[in-house]
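Encoded as structure tokens, the structure appears first; notes follow it.
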Amino acid sequence: MRQKGGGSKEKIKTAKSCAPIRESNSEFATVSTIGMRLRRAIGNHLKQYSDASMIGNLVGCLKKLIAKGTGDPGERTLDASTAPEILTGFEFNKLVPFDSCFKSGISVEVSKVHQSAVWQASLCPASDICFPEEATSFALIHTLLCFPRFEKQANSKQYLPVYPSASFFAATEMSERYFAKLDLRIKVNLSVQLDSSYVQADASLLCIVGIAFYKDGQGMKGVNAMKIVKVVG
């Protein structure tokens, strides 16, 4: 008769041979919690721009990021600036990649000193936007998010921001709605500003752009796109 295998919970907690499992479990719990806080900071509108696999994909990226951190396994720092390429290009809706519907170039200028960013877009909707069927209009969205550096605290054994007052914080700006297939060049300037009291010197800034589609004034589901285009440490 087959019997249940694997170590007991007590063995995993105490045995020296199970140290790698404890380290992996600790970091997985950390990135899951931090991923949740990141999503909440972006806001409820994120649901309109993401697919069902987004949460798992984001946790996967954060696991890669913490693996690049300094320190021993299970206690490594989590800092977006350690390997900015891991989060840069992250698609919140892999079913609709941002570049598949937005063909114009992306120019985003981020100021670390002033905690601000500007997305300037010059585009002709008729040629630069790939519209889903039945879409009658669209809007662009720009989010700037503060990503603090996390370290495992010796006393509490919890991952906390290096600066206690630091936290995930985001500011978002949305454009007006433009008619679909408008054969006219338009210029969009979306500037976002973070409250300086929420940003610490060692925090990273994530610049996120998105596009939303509408049918007769009503938001469409499953066709919107959002992407992290820049990480500034």
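Read-outs throughout are calculated quantities, based only on the coordinates presented, and are distinct from any laboratory measurement. Computed from a prediction, not measured in an experiment: that's the story for all the values here. When we count neighbours, we look across all protein chains shown, and the Cβ atoms used for this are built from the backbone with ideal geometry, even at glycine.
Pairs Lys47/Lys103; Lys68/Lys103; Lys157/Lys230: which are spaced more than 27 Å apart, C-alpha to C-alpha? In this structure, Lys68/Lys103; Lys157/Lys230 exceed 27 Å between Cα atoms. Close amide-amide hydrogen proximity is noted between Lys230 and Gly89, Cys207, each under 5 Å apart and 5 or more residues distant or on a separate chain (H modeled in the peptide plane; Pro and chain starts excluded). FRET efficiency for the pair Thr70 and Met36, taken as 1/(1 + (r/R0)^6) with r the Cβ-Cβ distance and R0 = 30 Å, rounds to 0.80.
Run the quick spin-label model on Arg177 and Glu133: label points 7 Å from Cα toward the beta carbon, then report their separation in nm to one decimal. Result for the modelled spin labels: 2.2 nm. Label-to-label distance, Asn189 versus Ala154, with points set 7 angstrom from Cα along the beta-carbon direction: 5.1 nm.
Relative to the Cα centre, the charge distribution of the stretch 15-232, modelled as +1 at Lys and Arg Cβ and -1 at Asp and Glu Cβ, gives a dipole magnitude of about 400 debye. Between the amide H of Ser81 and any residue lying 5 or more places away or on another chain, no distance stays under 5 Å, with hydrogens modeled in the peptide plane. Taking a straight Cα-Cα cut-off under 13 Å and skipping sequence neighbours fewer than 8 places away in the same chain, the aspartates and glutamates within cross-link reach of Lys221 are Asp51, Glu133, Glu134. Each residue of the stretch 34-48 was assigned a 3J(HN,Hα) from its phi angle through the Karplus curve 6.51 cos²θ - 1.76 cosθ + 1.60 (θ = phi - 60°); the sequence is 5, x, 5, 5, 5, 5, 5, 5, 4, x, 4, 5, 4, 4, 6 Hz, with glycine and proline shown as x.
With a simple spin-label model that places each label point 7 Å from the Cα along the Cα-to-Cβ direction, the separation between Glu109 and Asn57 comes to 3.1 nm.
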